[in-house]
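Below is one structure; the comments refer to it alone.
The values are calculated or read from the model by the stated rules, or taken from the named source; none is laboratory data. Given the structure is predicted, the values throughout are model-derived calculations rather than measurements. Counting neighbours? That spans all protein chains shown, and the Cβs are built from the backbone with ideal geometry, glycine included.
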Amino acid sequence: MRSAVAELPDEDFAKPSGCTGWLVRDLVCHLVIDAQDVLITLVTPAETEPTRNALTYWNVTTTPPTGEDPLDALIVRLAAAYQEPGLLKFHLDDVGSAAGRAAELADPDLRVSTQDMVLTAADYLAAYVLEWTLHHLDLIAHLPDRAQPPAEGLARSREMLGKIAGAAFPASWSDKDALLVGTGRRAPTDAEKAELGELTAKLPLVLG
């Protein structure tokens, strides 16, 4: 993700992202805050047993975001304050690389606390694989020539989303299509709806 952002030309930051109401620059600002959250959470140990795992971490609804949430609007104002795309790139690389090192050093069995939940570090970081894979797809939603998410991350995210849905996505689908349709980032075609069968009624899975 850091590399994908670093390679974006400045003009791409003013283009729309796959997140409703956010430009690419707004999404990158959100990624900076995500990286800060990882750092904070990994140094916030918990003494109690885990209450959530990588799948139950999410609050799942079927209502897509409108972009009008106050926190979403705050991100837009924060992103605008950077003014220069290079500053956003630098901040993401700085905080993101630190979060990556912290993740590599963390004991997978360490219990950590975030948002009134307790998870193992392994489950918490697995949830972020899904989070950042989806946001990588958001990053390039209108930039088809930019770097795609890693295949391993796409496959793992598809597997997790299928478990959250309670059913696997059609085997003929690519991992990318399963994630885009499954989370409401793209509407399914009529043919895809037929392949989804009863799973259609559960979609989209909006993860919050």
Members of the range 108-139 found to be more than 13 Å from the chain's Cα centre (by Cα) and hydrophobic (A, V, I, L, M, F, W, C), listed by number: Leu110, Val112, Met117, Val118, Leu119, Ala121, Ala122
Considering only helices (runs of 4 or more DSSP H) fully contained in the range 130-203, which possess at least 2 residues that are closer than 19 Å to Met1 by Cβ? 151-165, 175-182
If I go through the range 127-139 residue by residue, how many of them are surrounded by fewer than 20 Cβ atoms within 10 Å (Cβ to Cβ) and either of a type in the set (A, V, I, L, M, F, W, C) or free of Cβ contacts under 8 Å to residues at least 24 places away in the same chain (or both)? 1
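Yes/no matrix, rows are residues, columns are (1) out of contact with any Lys or Arg (no Cβ under 8 Å at 6 or more places or on another chain); (2) closer than 20 Å to Thr20 by Cβ; (3) without any contact (Cβ under 8 Å) to a residue 40 or more places away in the chain:
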site	(1), (2), (3)
Leu143	no, yes, no
Pro150	yes, no, yes
Met160	yes, no, no
Ala165	no, no, no
Ser172	yes, no, yes
Lys176	yes, yes, yes
Leu196	yes, no, yes
Leu199	yes, no, yes
Leu205	yes, yes, no
Which condition breaks for Val181 when tested against (1) in contact with a Pro (Cβ under 6 Å, 6 or more places away or on another chain); (2) over 22 Å from Pro16 (Cβ atoms); (3) of a type outside the set (D, E, K, R)? (2)
So which residues in the range 93-146 are modelled with pLDDT under 95 and touching a Gly at 6+ places or on another chain (Cβ under 6 Å)? none
